[in-house]
Amino acid sequence: MLPWATAAEAEAALGRAMTAAEALWFRWTAETSDYYLYCLNILFLLVVFTLAPLPVALLELRAPRAVGPYKLQPRVRLSRAEFLKCYGDVMRIFFLVIGPLQLVSYPAVKMVGIHTGLPLPSLGEMAAQLLVYFLVEDYLNYWIHRLLHGEWGYEKIHRIHHEYTAPIGFAAPYAHWAEVLILGIPSFAGPAIAPGHMITFWLWIILRQMEAIDTHSG
C-alpha cells in the first residue's frame with residue numbers, strides 16, 4: 001500500500017510530476033495491500049502454465065507433419081488425452097504446492113526489499129536486474145539439477161520430472177513437490193541479491209516460467 005493519500009502528496013514526495021505509468025500505478029495500488037499485489041503471482045503463473053505451452057501443443061496435435069521436422073524426438077507423438085493428463089497433473093501440483101508456496105513466502109519477499117512504491121523503475125534498471133536474475137538462476141539451477149541427477153536425488157525426487165521422456169511445454173513444472181520447493185531457491189536468489197520493484201519481480205516470474213516452458217517444448 002502506498003503511503004500517500006493523494007496524487008499531490010505522492011508528487012510532493014517525488015519532487016516532480018508523476019509519469020503516466022506512475023499515475024496509473026498510483027490509482028491502482030494506492031489502497032491495495034502489498035500482500036495482495038504479491039499474490040497476483042499466482043494468477044500470472046496460472047495463466048502462463050495454461051496458455052504459454054498451448055500454441056506448440058495445438059501444432060503437435062493438429063499439424064504433426066508440419067511440426068515434425070522441428071521436433072527433437074519426431075517419432076514420439078502424444079495424444080490429446082495425454083496432453084490433458086499432463087496439464088491436469090501440473091494443475092494439481094500448482095494448487096497443492098506452487099500456489100500455497102506463493103501465499104506463505106511473502107515475508108521473505110518483504111525482507112529482501114522487493115517494494116511496490118514510487119518511483120517506478122526505468123526500463124534500463126529493470127533490464128539490468130532481470131539480467132542478474134537470469135544469470136544467478138541459470139548458475140544455481142545447473143548445479144542443483146546436477147545434484148538431482150545423482151543416484152539418491154534422481155531415485156527419490158527427480159525421476160518424476162523425467163516421466164515425460166519426450167518433454168512437452170506443459171510438463172515444464174511437472175515434478176515432485178520437493179523439487180518444486182528446491183528449484184524455487186534459484187528463482188528467488190536473484191531478486192534477493194538485487195531486489196527491485198514488484199513489477200520487475202512479476203516480469204521475472206513470467207519470463208522465467210516461459211523460458212522453462214520453451215526449453216521443455218521438445
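The values are calculated or read from the model by the stated rules, or taken from the named source; none is laboratory data. None of the values given here were measured: they were computed from a predicted structure. Cβ coordinates were reconstructed from backbone atoms using ideal geometry, including for glycine residues, and neighbour counts include every protein chain displayed. Only protein heavy atoms, including side chains, enter the accessible area calculation; ligands, DNA and RNA are left aside. Shrake-Rupley method; radii C 1.70, N 1.55, O 1.52, S 1.80 Å.
Just checking, does the range 139-154 include any residue being within 25 Å of residue 38 (Cα to Cα) and out of contact with any strand residue (DSSP E or B) (no Cβ under 9 Å at 6 or more places or on another chain)? Looking through the range 139-154, at least one residue is within 25 Å of residue 38 (Cα to Cα) and out of contact with any strand residue (DSSP E or B) (no Cβ under 9 Å at 6 or more places or on another chain). Being among the small types (Gly, Ala, Ser), open to solvent by 40 Å² or more (accessible area, probe 1.4 Å) and modelled with pLDDT of 95 or more is not true of residue 79.
Output the residues belonging to the range 1-34 that are over 30 Å from residue 214 (Cβ atoms), touching a residue at least 40 places away in the same chain (Cβ under 8 Å), of a type outside the set (A, V, I, L, M) and surrounded by 14 or more Cβ atoms within 10 Å (Cβ to Cβ). Selection gives 22, 26, 29, 34.
All of (1) outside any helix (DSSP H, G or I); (2) at pLDDT 95 or above; (3) open to solvent by 40 Å² or more (accessible area, probe 1.4 Å) hold for residue 72 with one exception: (2). Helices (runs of 4 or more DSSP H) fully within the range 137-201 that include at least 1 residues being touching a His at 6+ places or on another chain (Cβ under 8 Å) and within 17 Å of residue 90 (Cβ to Cβ): 177-182.
Residue count for the range 9-61, restricted to those that are farther than 30 Å from residue 81 by Cβ and assigned to a helix (DSSP H, G or I): 24. Annotation: of all residues in the range 117-138 being surrounded by 13 or more Cβ atoms within 10 Å (Cβ to Cβ) and over 17 Å from the mean Cα position of the chain (by Cα), the one that is nearest to residue 214 (Cα to Cα) is 128. The one condition from (1) of a type outside the set (S, T, N, Q); (2) open to solvent by less than 60 Å² (accessible area, probe 1.4 Å); (3) touching a helix residue (DSSP H, G or I) at 6+ places or on another chain (Cβ under 6 Å) that residue 59 does not meet is (2).
Among residues that are more than 30 Å from residue 23 (Cα to Cα) and surrounded by 13 or more Cβ atoms within 10 Å (Cβ to Cβ), residue 114 is not included.
The set of residues in the range 82-99 being closer than 13 Å to residue 170 by Cβ and among the aliphatic types (A, V, I, L, M) consists of 84, 90, 91, 93.
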